[in-house]
1. Net charge within 12 Å of A:Lys74 by Cβ-Cβ distance, Lys/Arg positive one each and Asp/Glu negative one each, not counting A:Lys74 itself?
2. Please turn the phi angles of the stretch A:209-221 into ³J(HN,Hα) values with the Karplus equation 6.51 cos²θ - 1.76 cosθ + 1.60 (θ = phi - 60°), one per residue in order, whole Hz, x for glycine and proline.
3. How large is ³J(HN,Hα), in whole Hz, for each residue of the stretch B:286-297 in order, when computed from phi with the Karplus curve 6.51 cos²θ - 1.76 cosθ + 1.60 and θ = phi - 60°, using x for Gly and Pro?
4. Output the relative contact order of the stretch A:184-460, whole-number percent, from Cα pairs under 8 angstrom with separation of 6+ residues.
5. I need to check one value: relative contact order of chain A, counting alpha carbon pairs closer than 8 Å and at least 6 residues apart, in percent.
6. Over chain B, what relative contact order in percent results from Cα pairs under 8 Å that are six or more residues apart?
7. Given a cut-off of 38 Å, what percent of all Cα-Cα pairs of chain A lie beyond it?
8. Using a Gaussian network for chain B with springs between C-alpha atoms less than 10 Å apart, which of these wobbles most: B:Asn59, B:Asn326, B:Asn78?
Amino acid sequence: MVFSSSLFLVYFFPVFLIIYYLLPYRLKNSFIVLASILFYAWSGAKYLPFLLISLLFDFYIAKAIDAREGKARKHVLAFSIIVNVGLLLYFKYANFFMENVNAALGSEAITWTKVALPIGISFFTFHKLSYTIDIYRRVKTPFTSIINYTLYILLFPQLIAGPIIRFNEISDQIENRKKALTIDNRLEGFFRFIIGLSKKVLIANIIGQEADKVFDMNFGDMAMQDAWKGALAYTFQIYFDFSGYSDMAIGIGLMMGFRFPENFNNPYLATNITDFWRRWHMTLSRWMRDYLYIPLGGNKVSTTRLYLNLWIVFLISGLWHGAQWNFIFWGAYHGIFLVLDRLFLKRFTEKLPHVVQVALTFFLVIIGWIFFRVDSISQGFEMVKIMFSTSAILPEYEFEQAFWVMFFVGFLMSFYGIFIKNLEQKQAQWYNPFTTPAKSILFTLVALVLFVLCLAEITSAGFNPFIYFRF
Amino acid sequence: MFQSATGAFRVRMLFGEQEIPPCPKFTMHKWIDGNFTQLFERYVETHVGFRRFFIRLRNSVRYTLLYKSNEQVILGKNNVLYEKNYINALYGDDTAYTAIQTRAARLKTVSDTLSAKGIKLLVILAPGKATMYPNEIPFEYRRAKNINPANYLTWKKELAKQGLPFIDMRSWFKQMHDTSSIPVFTRLGVHWTVYGSYLAADSLLAYMEQMGNWNLGRVTWTELERTTKYRQTDADLMEIMNLLNDLPSDELVYPKVTYTQGKDKPNVLAIGDSYYWSLMCDSIHDKMFADSSHFWFYNKKIFGNNCLFQRMVIPGTLKEEIEKRNIIILLCTEPNLYNFPFGIADQLYNLYVKQDK
C-alpha cells in the first residue's frame, strides 16, 4: 500500500487514526503493530512469514547479545549481521550476481530461478541491524516486549521507504510517548503529511511525466534540449518524490506521537558534494556513518585508508539503492567527489562566490542523477554527451507550458533560500503553524485545498474515458 | 467515504465513463499473488466519493495551470484538440503501401463481380482532423517530420488506377476548411461538423444519383443558425477532457434542414468508421435509403435504420447480405486507412473470386 493511493488516504489511514485515538494508551502499540502487519501484507503477503520469522530471530538474538560479554557477545552480533546481510544479499543481489557471472562466462552457463525482492527489505534490514548493533554497543537495552520490538521494525510510516530511524533515536518514544499525543502534534503532523503528499502528487508526478518522456526516447533522436530537460526534470522529480515521501512518513509519525528524524535539508543548496550528503537522505548518511564508516575505522586511520573507506561507503550506498551497475557507478561518482573534497576541491570551491558553489554542486548532482535514472552506464555517458553536443541542438524547439510551470515551482522551492542566512532556523519558524492564530487558519486552509487537489490527482489516475462512447 | 457510501450530493456524470469494476471476491490465493489487492485498489479508486468531481477538478487545474489535457486528447496550439492516430496518419507513421495496393486490386475484382449482379460499390475517403489543423499540432508530435499522408495518397492513386468510383471528401473538406467562413471542422471536435456532415450527405446523394441513375431525395436548408453552443459531436474531444467548464467554442453553424423524398430508396450497405454516424442517425441513411439498409461499423457491428445496434456481423451470411443490396458504400477517415476497408475486400474476394476459381 502506498501513501498516495485512494485506499490509504480515504480508508486505511482515517480508520486507523480513529481507532488509534480511541484506544487506551496501553493498547496503542499493539494496534500499530497490527495495522503495520496489514499495511505490509497488503502488497507483500507472500513475504510476511519471512519477515515475521526474521523478526523473531533478531528479537531473541538481541537478547542473546545483551546477555553475553566479551568475545561471545561479539560472535553473536557477527552471526546476526551475517544472517541479516546475507538475506539482503540473497534477495536483493542474487539475480544481479548471477547475471554478471553468466555475462562473464559468455553464456547462460548457470541457470537459476529469479529471486523476488521482498518489499522494504533494504529498510527493515537496516533497522534490524541498527537494533542489534545498538544493543551490542550498549547504547540501549533490548526491548522486553516483542510488541515494542516489532513496532520499531514494522512501524508502517517508515516501513517501505524510510526514513531510516536508528534504534537509539526512537526506543524511548516507543516505550513512552504519552506526552507527545497532543492536538498540536496531530495538527502539525497533518500539515506535514499534506506538504509531503503535495510534493509527491502535485510536483514530482507531473515533473516525472516530462522526465519519463525524455528518458524513454530513442537516444539517437534526442536533442540537446531534450537531454537537459530530462536531466533537470528528473533532478527535481527525485527530490520532491523522496522528500515528499519522507514528509508524509514524518507527518504520520507525528500524528501518532512519534518524532522521526529529518531526512532532507534543502539538498540543492549544498555548496559541495560533502555538504550535499549532509542534506540529502540524511538518515541513510547517518546510518552509514554509524554502522559502516566508523566500524571501518572512521577518521582514526591513515589518510589513504580514510579515502578508501569513504569511497567504499559510497560504493555500498550506491549498491544499496539498487542491484545495477549504474547505481554502483552513481555511488562511486559521489564517493570520488567526497574524496576530492577532502583532497583539495572543497578548499578551492570555498573561495568562489556562494551562488557559484551551489550552482557547481547542483550541476555535479544533476550529472549523478542521470546515471541513477538510466538503465546502463553507457546510456548515462551517451546522455551526458548529448547534453554538451552542439550538433544535437534542434534549431526549432518549443518548451511546453506544463514543463516550465513545474520546473519553476521545483526550482523556486529548491532554491528560494539561497541568500537567506540561518535558513534552517528560519524555516522551522516559518513552518511552525502555531505561532499566530492567523497562521494556523492559513495553514489549515492551504492544507485543505492541497488535500483536495491531491485527492483529485490520485482518484483521477486510471480514468481513461472512451472517446467513442457515443457510438 | 460518506459520499460513496450514501450517494449524497449528486455529482455530474463524466463523458466517456466506462464500466466501473465490481468488488473482487477475496480468496487467500488471490491475496497472496497480489491479484486481489490490485483489483480491490482499482475498485476503491473507482468508488471514491466525489470521484467525478475530482476528475473534472484535476483536469481543469491541469488545463488552466499547465495547458495539459488528459491522456486521450492531444492539446495543440489555440485549444485545437487531436487524437494521436490522426496525427500519425498525417505524418505517414502508419503507412501500409503494399497492403493498400493489394486491397484496392481486390476491391476492383470484387466490384466487377458485383457490378455483373447489379450491385454498385462506392468508396468515400473522408477527411481527418489533423489534416484540417496541421499548424496547431504540438511540437513534440511534429518535429523533424514532413507532412506525408501516405495512406490517403496511396488509396487515392490506387482507386484511380483501378477505375473504382470514389469521392475524395478529404481534398474537398480541406479546401472548404481553408476558405469557407462556415466551419466544417471545429477545434474541439474530431469529426466533421454537423454542417459538414450535411454537405457530405448532399454530395453523396448527388453522386449516388448519377452513379445508379436513381431519383433520390435531397437535403436542403434555407436557414442557418449561428451559435457558439456546440451540438452533437462538434466538441466531442473537449467533452472527454471532462473539465469543470467548457472551453470557448468558435461560432458554429447549424442548418435547419428539410428532406425531400425521391422516387427511389436504394438498399444500402454502408461499411465504415465513426464518420458515417452523422450520415446515419436522423440523416440520409435513415430517411433516404430503404428500411432494410444497414451500417456495419468497422465491419463488425450491425446498425439498422433506426440507428440501434442489431447484432454482430455473421461471416456465414455475407453473400446473402451483399446480394440484397443495391449499393455498397465504403467510408473511411484518414487514421483508419491503413486498415481500410476493414477486412471486407478480402472477405468478398474470397467469397466471389477465390471460390469461383
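1. My count for the surroundings of A:Lys74 gives +3.
2. Listing the rounded values in order: 4, 5, 4, 4, 4, 6, 5, 7, 5, 6, 4, x, 9 Hz.
3. Working through the residues one at a time gives 5, 9, 9, 9, 4, 4, 7, 5, 10, 10, 9, 6 Hz.
4. Taking the mean separation of contacting Cα pairs over the length of the stretch A:184-460, I get 27 percent.
5. 16
6. That works out to 19 percent.
7. It works out to 29 percent of all Cα pairs.
8. B:Asn78
Every number in this text was worked out from the coordinates using simple rules, so none of it is lab data. Note that the structure is predicted; figures quoted are calculated from it, not measured. Neighbour counts are summed over all protein chains in view; Cβ atoms, including those assigned to glycine, are modelled from backbone coordinates with ideal geometry.
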